[in-house]
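Bear in mind that the values in this text are calculations on the coordinates, not laboratory data. The model shown is predicted, which means the values in this text are computed figures rather than measured ones. Every residue, glycine among them, receives a Cβ derived from its backbone with ideal geometry; neighbour counts consider all protein chains shown.
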Amino acid sequence: MTFEIRFLDSIGEVDEALWGKVTSPFLSRAFWLALEACGAVSVQTGWAARHVLLLENGVPRACLPLFVKNHHRGEYVFDHGWAQAYAEHGLDYYPRFVSSVPFTPVVGERVWLADGVALVEVLPYLLEAVRQLAVGLEASSWHGLFVDELTLSVVAQADLPIALATRSGCQFLWRNQAYDSFDAFIETFTAKRRKNVKAERRKIAAQGIVCQFIEGADVTHEDWLFFYQCYERTYHVRGQRPYLSLAFFEQIGRTMSGFIVLEVAVDAAGERLAAALFFKDAQTLYGRYWGALADIDCLHFEVCYYQGIEYAIAHGLRFLDPGTQGEHKLVRGFEPVLTYSLHWLADSRFMAAVSDFVARERVGVEAYFDEAMAALPFRKGD
């Protein structure tokens, strides 16, 4: 058997045979093509693709998404301190390599595999290619973000050409315990927490605000225009520019409508106030983007959390992933979950320092996880 490595500048060059096992909307070919087509992922935006394609006897077997980056935006695993440490020693932290789903802090597999190919078989070859490319481009490091448990187990058992430090983080996830209604869900809360949630929902209902879900195939151009107006405002109020364009959303609306559901909040006069875009697969509803044209108390909780939970229950989904950060999710029934990323630094001195740092950081993350579990609103014994 002869193995060959090729570096690809576009996801469109990845053989379609490698997409057959994909179940996540964020690893679908349509999602990645839309990121490229709208210009969000490009050399100009600092996401220069050098995807690592592994071929066996000329046949594509696996592909590791890889970006050459000169900034940290759109990653959600923060390494500013590492960059500062490099600068203080007169060294360049950038460029560096990142393997992630751009702008998407969702846990999942990070290698596309052909049928019959196991990750443990190909990961050493892919990472050796990363190491060699780092030498050629003088890149400081490689970072695999929000990796799944399979990847972690492979890293633990495989003979890899580079040493990897595992970094921990914490997000929040709603779990469907076979609830038949939202009321059944909050019935598991303590009386105080249940009362608080009901009060928040009454604030919205008292204003005559209702929420409507539109399945992806039924989302119109006008719906996308309204959604984008809301999404864009979320960034503008913070003095930022949105990562994604209207063209991106309209393209995924055409090419992956089965993975999408749009929620719109409407006031008593029939005027649209807010919108949220969810993705879904066979098990999970993912809250990804939201925005509102008016600042209304508790509207975010209703649109992004409570309505999402109702949708998940009604459609038999096991989880609601509401996005990164936000301790306020805890008291509304979202449980803490640990996330992981993998890091390799070419300079052995900094690799040792980072390995020590993430080990110490992990102690704090795990302590935070325990505190978060204790803050959940559920009655003891439930």
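One table, with the values for the structure above:
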read-out: Relative contact order [Cα under 8 Å, 6+ residues apart], the stretch 103-178, whole percent; value: 42 percent
read-out: Distance between modelled label sites at residue 379 and residue 233, nm, 7 Å Cα→Cβ extension; value: 4.0 nm
read-out: Among 320, 53, 137, residue whose mean-square fluctuation peaks in a GNM of the chain (springs only between Cα atoms under 10 Å); value: 137
read-out: For the chain, with +1 on Lys and Arg beta carbons and -1 on Asp and Glu, the positive-most of 100, 62, 240 along the dipole; value: 240
read-out: Check: the chain dipole with +1 on Lys, Arg Cβ and -1 on Asp, Glu Cβ, in debye; value: 900 debye
read-out: Exposed GluC sites (Glu not before Pro) absent - longest run of the chain, DSSP non-H/G/I/E/B, at most 13 other C-beta within 10 Å; value: 1-137
read-out: Cα-based radius of gyration of the chain once divided by 2.2 N^0.38 Å, which approximates compact folds; value: 1.04
read-out: Sparse-neighbourhood loop sites, trypsin sites (Lys or Arg not before Pro) in the stretch 43-135 - DSSP loop, at most 15 other Cβ within 10 angstrom; value: 73
read-out: Proxy reagent accessibility, fewest Cβ within 10 Å first, across 329, 380, 21; value: 380, 21, 329
read-out: Simple spin-label estimate for residue 335 and residue 359 in nanometres, 7 Å along Cα-Cβ; value: 3.1 nm
read-out: Per-residue ³J(HN,Hα) for the stretch 130-142, Karplus 6.51 cos²θ - 1.76 cosθ + 1.60, θ = phi - 60°, Hz, x for Gly and Pro; value: 4, 4, 5, 5, 4, 5, x, 9, 6, 7, 7, 5, 10
read-out: Gaussian network model of the chain, springs between alpha carbon atoms under 10 Å - residue of 63, 38, 304 with greatest fluctuation; value: 38
read-out: Fully extended contour minus Cα-Cα distance, from residue 196 to residue 245, at 0.36 nm per residue; value: 13.9 nm
read-out: Efficiency of FRET between residue 10 and residue 366 - r from beta-carbon atoms, R0 51 angstrom, step 0.05; value: 0.80
read-out: For the stretch 140-181, the Rg and Dmax computed from alpha carbons only, in angstrom; value: 15.8, 51
read-out: Furthest towards positive pole of dipole, 155, 231, 42, structure part the chain, Cβ charges; value: 231
read-out: Most mobile of 357, 67, 31 in a GNM of the chain (Cα contacts under 10 Å); value: 357
read-out: Given charges at beta-carbon only (K, R positive; D, E negative), |dipole| of the stretch 262-382 in Debye; value: 300 debye
read-out: Mean separation of Cα contacts under 8 Å, 6 or more apart, over the residue count of the stretch 177-317: relative contact order %; value: 29 percent
read-out: Charge-dipole axis of the stretch 177-317 as Lys and Arg at +1 and Asp and Glu at -1 on Cβ define it, positive-most pick from 296, 188, 283; value: 188
read-out: Counting all C-alpha pairs of the stretch 242-382, share separated by more than 20 Å (%); value: 62 percent
read-out: Estimated FRET transfer efficiency when R0 is 56 angstrom, pair residue 315-residue 57 (beta carbons, to 0.05); value: 0.80
read-out: Cα-based helix-to-principal-axis angle, 191-205 vs the chain, degrees rounded to 10; value: 80 degrees
read-out: Rounded to the nearest 20 debye, dipole of the stretch 177-317 from Cβ charges on Lys, Arg, Asp, Glu; value: 600 debye
read-out: For residue 61, distant residues with modelled amide H under 5 Å away; value: 54, 55, 56
read-out: Whole-Hz couplings from phi, Karplus 6.51/-1.76/1.60, listed for the stretch 95-105; x for Gly and Pro; value: x, 9, 9, 9, 10, 7, 8, x, 6, 9, x
read-out: The chain: angle of helix 221-236 to the longest principal axis, Cα-based, in degrees nearest 10; value: 70 degrees
read-out: Simple label model, 7 Å out from Cα along Cβ direction - residue 217 to residue 150, nm; value: 2.8 nm
read-out: Cα Rg, Dmax, the stretch 177-317, angstrom units; value: 15.5, 46
read-out: Alpha-carbon centroid distance for the pair the stretch 64-97 / the stretch 201-230, whole angstrom; value: 38 Å
